[in-house]
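For reference, the structure is listed below as structure tokens.
We did not get these values from a lab; they are worked out from the coordinates using the rules stated. As the structure is a computational prediction, the values presented were derived from the model and not from experiment. Heads up, the Cβs are rebuilt from the backbone with ideal geometry, glycines too, and the neighbour counts pull from every protein chain shown.
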Amino acid sequence: MKLIEKSQYTVLKGNYAVAYGVKLARVEVISAYPITPQTTISEKLADMTATGELKARFITVESEHSAISAVIASSLAGARSFTATASQGLALMHEMLHWATGARAPVVMVNVNRALAPSWNIWTEQTDSLAQRDTGWLQIYNESNQEVLDTTILAFKIAERVYLPTMVVLDAFILSHTSEPVEIYPQELVDEFLPPYEHPNAINFDDPRAIGAFARPDYYMEFRYNIQKAHEEALRVFKEETELFAEMFGRKYDTVEEFMLDDADYVLVLAGSTATTAKYAVAQLRERGEKVGIMRIKLFRPFPVEDVRRVLSGRKKVAVIDRNLSFGHSGIFYMETKAAMYGAKDRPPIFGYVAGLGGRDIRPQDIIDMYEDMKRREEPENIIWKGVRV
């Protein structure tokens, strides 16, 4: 790892890592409504703005719908803008998530993955963010608190190059309220990586224009075409910016992370902090002589189809472990992975496991059990439940 002069090394909870990432990005406008387990992000940022540590405007509002509306407006006015939420709060934003994409507002939002009600539950599950996958937001998932800080900075750079809103995602409590060592980079280095935000169509009273105006059928489809092209461009931009980030900060990220895959016959696919548990389990399996590795999905939207095909083609079997569920179908990472592999040469059988909903523990032995179950099975299944009591 590259050692950066003037970096500060400290121990931070995931939510505070977000706040320091926002500060380093020199965000100008913040609006957020408190909701567990996101609240300490907005509290920390409110403290930073109140003391002058962060020179930004913090807009207090009465709901998450208003929070996202405020930062869409500030982004279109030319200010680097940020919000954070979780679960029901993200669901309340749904209407305006579409609006942010259509307006090409490069807002960055952190979503702390939390299960949706009812029944009421404040623990981790990915269904809240994945339920927004068709709103047009970029979505980036994280494994550690250092990665959370890094990705918050990266998200602004990527969003502002392709003019698309971007969601940075971390697991409730496992990351948000758990302390880990984090490197906080010197401000001047981040400034070199992330230049000031300039929107080419920022609101200008001397040059008035309509934003989000009425579009007849003979114009509307082209707007959607351009958003899709921006997502395709975002794949290239993501790789460019993560390469530059690695050169400047010494940490390399990619659309997917490969762990012990050089000679692996079997692959476990997952996203988020569960990957850390899975790596521990895979290391144990390797000691037993099992040829198994991990593909961790970091970039979910746009979905990295070519990288997924490159990693998974030619394997004997693949198991996708989802901490989420699309009712009536399967786990969502499973269906996306299976769709990406459709038509690929040497496509392996792909098995779908659902585990850890509502924050239920996923332990190393659970990962080992799912791996051994996959090896025994002859035919794939869309949902294989792990840990459910029926």
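Is there a residue in segment 116-137 that is more than 20 Å from the chain's Cα centre (by Cα), among the aromatic types (Phe, Trp, Tyr) and farther than 18 Å from residue 15 by Cα? Step through it out loud before you land on a result.
At the first step, the residues of segment 116-137 found to be more than 20 Å from the chain's Cα centre (by Cα) are 117-121.
When the remaining residues are screened for being among the aromatic types (Phe, Trp, Tyr), the result is 120.
From the residues that got through so far, the ones that are farther than 18 Å from residue 15 by Cα too are 120.
Yes: segment 116-137 contains one or more residues that are more than 20 Å from the chain's Cα centre (by Cα), among the aromatic types (Phe, Trp, Tyr) and farther than 18 Å from residue 15 by Cα.
Of the residues making up segment 118-144, those that are in contact with a helix residue (DSSP H, G or I) (Cβ under 6 Å, 6 or more places away or on another chain) and over 24 Å from residue 227 (Cα atoms) are 121, 123, 124, 125, 142, 143.
Within segment 159-176, one or more residues are in a helix (DSSP H, G or I), in contact with a helix residue (DSSP H, G or I) (Cβ under 6 Å, 6 or more places away or on another chain) and within 20 Å of residue 302 (Cβ to Cβ).
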